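Okay, structure first, notes after.
The values are calculated or read from the model by the stated rules, or taken from the named source; none is laboratory data. Just so you know, these numbers come straight off a predicted model, no measurement behind them. Positions of Cβ are backbone-derived with ideal geometry, glycine not excepted, and every protein chain shown enters the neighbour counts. Accessible surface is based on the protein model in full, side chains and every heavy atom, while ligands, DNA and RNA are left aside. Shrake-Rupley method; radii C 1.70, N 1.55, O 1.52, S 1.80 Å.
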Amino acid sequence: MKMTRSKEINMTEGPIFRSVILYALPIVLSNILQIFFNAADLAVVGNFSDAKTVATAAVGATSSIVSLVVNTVMGLSVGISVTLARALGAKERDVSSRIIHTSLAISVLIGVVIGVVGYFLSPFAMSVTKCPPEAKTMAIHYLQIYFLGAPGILIYNFGSAILRTAGETKRPLQYLAIAGASNVLLNLLFVIVFSMDAEGVALATTLTQYLGAFLTLRCLMRREDELRVSLRSVRVHRRELVGILRYGLPSAFTNAMYCFANVQIQSAINTFGESAVAGSAAAGSLEGFVTASVTAMNAATTAFVGQNIGAGNKKRVGRSISICFWVTVTCSFVLGAGIFLIGDPLYSIYVGKDTVALAAAARRGLFMLLPYFLSGALNIFGVVSQTFGYAMAVTVNSVVGVFGFRTLWMQFIFPRYPTLDTVFLCFPVTWILILIANSIVFSVAYSRYRRFGTVR
């Protein structure tokens, strides 16, 4: 059956608030499903693996490296979203088609490179992050198997970005649900039946990454509009590549800087032992529920603002920004505070009755869940500025605020006050600094757009 755009959300006409919510909800659900499936990795090894705490620590110790891969990919997909949103808003069908085929070509190329390089650098990565010795070998194997799925990760994420930018948010959710459910079943199969530990959940993740990629690519190949993919046409178009990289590389670099800085932070956490690592991983997994709403609203903001810029709807651009900002701040505050107040019962799902792990999780929740709305606000200012063409300015803010400040913090503040509280306090302080900087860039970009109606 051929697929059309009849069920897609119209971003350039009609009520904005309702459309934003309808657009964002499937993405939120997709992100939450992804969190549940990632949590299943921790829960399965923590409850059914022979190693239990060691296996949980092994999976948790790789989190900063895994985040580096995933967030860099998501950063690159911003370039696809911005360029495609403008082309769709301006109804440039040929340009849209070239953007899509170029995106898929580079997803395969970059995926292969990341997979090969990541596989061979996994031992080095676990040494740099100071993985607990008892979990190091298991963590290396987990990471190597995970990197084998890099091409699948890129194809799925780039393909999902294409569908979502066009207003089709339900199919990526459906495909993630299928892949995620398969992941859970394979987790149980490999860990319980075949007595595998962290390697088993890594293998399950890799296999289902390719399943998600296959479903997404098949969907695009069955379209009847400008989103339709023909494998014979998958190649790099120079002009479209330049546009994608212009917006995607700064965002990818920004996300990478976040992750490199967090590698230092994860290294510090690892020095407190396997229980602290497991507790931090548990709290980090729950933070993902808040991040789910922020990520969804980032995508909604890029799509709505980008398409209305392309269509020349200046008033709808302003209204879209306002609605997306307040929805993001409200949701991130309510979710962050709610998860923090529930606390230990949620953390114990991951770490059982390990009191050290529960204490570590609680401290991370205090410093990161309650003020998470700051991260939501700075993200909206950042993605709007990127959509207006100020991606490099946002990148500079992030490099200085995250990589620079967090590196200084871990080099000079943490050695003087070597506690978990010192480690976690670094996050909200950084959010405040970047929020101020991004709000300045946004003010300049939006003022220029309101006066002249142009973007970079």
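Only one entry of 122, 127 meets the criterion of being at pLDDT below 90, open to solvent by 10 Å² or more (accessible area, probe 1.4 Å) and not basic (Lys, Arg), and that entry is 127.
Among the listed residues 382, 376, which satisfies the condition of being open to solvent by less than 10 Å² (accessible area, probe 1.4 Å), at pLDDT 90 or above and under 30 Å from residue 342 (Cα atoms)?
Exactly one residue qualifies, and that residue is 376.
For every residue, the table says whether it meets (1) within 15 Å of the chain's Cα centre (by Cα); (2) of a type in the set (Ser, Thr, Tyr); (3) under 17 Å from residue 18 (Cα atoms); (4) surrounded by fewer than 20 Cβ atoms within 10 Å (Cβ to Cβ).
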site: 280; (1), (2), (3), (4): no, yes, no, no
site: 290; (1), (2), (3), (4): yes, no, no, no
site: 300; (1), (2), (3), (4): yes, no, yes, no
site: 341; (1), (2), (3), (4): no, no, no, yes
site: 344; (1), (2), (3), (4): no, no, no, yes
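Residue check: residue 213 meets all listed conditions (1) more than 20 Å from residue 145 (Cα to Cα); (2) open to solvent by less than 30 Å² (accessible area, probe 1.4 Å) but one, namely (1). Annotation: residue 62 fulfils all but one of (1) more than 19 Å from the chain's Cα centre (by Cα); (2) modelled with pLDDT of 75 or more; (3) among the polar types (S, T, N, Q); (4) more than 27 Å from residue 224 (Cβ to Cβ); the unmet one is (1).
Looking at 220, 215, just one residue is at pLDDT 90 or above, of a type outside the set (Phe, Trp, Tyr), more than 21 Å from residue 32 (Cα to Cα) and part of a helix (DSSP H, G or I), and that residue is 220. Of everything listed in (1) open to solvent by 50 Å² or more (accessible area, probe 1.4 Å); (2) closer than 20 Å to residue 87 by Cα, the single unmet condition for residue 241 is (1).
Looking for something at positive phi and part of a loop (DSSP other than H, G, I, E, B) - is there at least one such residue anywhere in the range 257-277?
Start the filter on the range 257-277 by keeping residues that are at positive phi, which leaves 273.
Checking which are part of a loop (DSSP other than H, G, I, E, B) leaves us with 273.
Taking every residue of the range 257-277 in turn, at least one turns out to be at positive phi and part of a loop (DSSP other than H, G, I, E, B).
Is it the case, given these coordinates, that residue 410 is on the phi < 0 side of the Ramachandran plot, open to solvent by less than 30 Å² (accessible area, probe 1.4 Å) and out of contact with any Gly (no Cβ under 6 Å at 6 or more places or on another chain)? Yes, satisfied. Among the candidates 40, 85, the residue that is at pLDDT 70 or above, out of contact with any Pro (no Cβ under 7 Å at 6 or more places or on another chain) and over 30 Å from residue 196 (Cα atoms) is uniquely 85. Listed by first and then second residue, the pairs linking a residue in the range 1-28 that is small (Gly, Ala, Ser) and open to solvent by less than 70 Å² (accessible area, probe 1.4 Å) to a residue that is modelled with pLDDT of 85 or more and not in a loop (DSSP other than H, G, I, E, B), with Cβ atoms under 6 Å apart and 6 or more places separating them unless they lie on different chains, are 24/296; 24/297; 24/300.
The set of residues from the range 438-456 being within 17 Å of residue 306 (Cα to Cα) and either outside any helix (DSSP H, G or I) or among the hydrophobic types (A, V, I, L, M, F, W, C) (or both) comprises 442, 445, 452, 453, 454, 455, 456.
Which one is nearest to the chain's Cα centre (by Cα) among residues in the range 174-210 that are within 30 Å of residue 13 (Cβ to Cβ) and surrounded by 20 or more Cβ atoms within 10 Å (Cβ to Cβ)? The qualifying residue nearest to the chain's Cα centre (by Cα) is 176. As a summary of the residue check, residue 130 satisfies the conditions (1) outside any helix (DSSP H, G or I); (2) of a type outside the set (Val, Ile, Thr); (3) more than 30 Å from residue 272 (Cα to Cα) except for the one numbered (3). You will find that of 358, 346, the residue that is out of contact with any Gly (no Cβ under 7 Å at 6 or more places or on another chain), over 19 Å from residue 25 (Cβ atoms), in contact (Cβ under 8 Å) with a residue 60 or more places away in the chain and not polar (S, T, N, Q) is 346 and no other. Across the range 421-456, what is the total count of residues that are over 17 Å from residue 385 (Cα atoms) and either of a type in the set (Asp, Glu) or open to solvent by 30 Å² or more (accessible area, probe 1.4 Å) (or both)? Matching residues across the range 421-456 total 4.
Any residue at all in the range 141-156 that is part of a helix (DSSP H, G or I), farther than 30 Å from residue 304 by Cα and out of contact with any helix residue (DSSP H, G or I) (no Cβ under 8 Å at 6 or more places or on another chain)? Can you show your working first?
Just the residues of the range 141-156 that are part of a helix (DSSP H, G or I), to begin with: 141-147, 150-156.
Retained after the next criterion (residues that are farther than 30 Å from residue 304 by Cα): 141-147.
Now narrow it down to the ones that are out of contact with any helix residue (DSSP H, G or I) (no Cβ under 8 Å at 6 or more places or on another chain): none.
For the range 141-156, residues part of a helix (DSSP H, G or I), farther than 30 Å from residue 304 by Cα and out of contact with any helix residue (DSSP H, G or I) (no Cβ under 8 Å at 6 or more places or on another chain): absent.
None of 285, 233 is polar (S, T, N, Q), in contact (Cβ under 8 Å) with a residue 24 or more places away in the chain and surrounded by fewer than 20 Cβ atoms within 10 Å (Cβ to Cβ) except 233.
From the residues in the range 391-404 that are in contact (Cβ under 8 Å) with a residue 24 or more places away in the chain and open to solvent by 50 Å² or more (accessible area, probe 1.4 Å), which one is nearest to residue 268 (Cα to Cα)?
Initial filter on the range 391-404 (in contact (Cβ under 8 Å) with a residue 24 or more places away in the chain): 391-395, 397-403.
Cutting the leftovers down to open to solvent by 50 Å² or more (accessible area, probe 1.4 Å) gives us 392, 400, 403.
On the way: 392: 30, 400: 21, 403: 15 Å.
By that ranking, first place goes to 403.
Exactly one residue out of 249, 227 is open to solvent by 60 Å² or more (accessible area, probe 1.4 Å), modelled with pLDDT under 85 and within 28 Å of residue 95 (Cβ to Cβ): that is 249.
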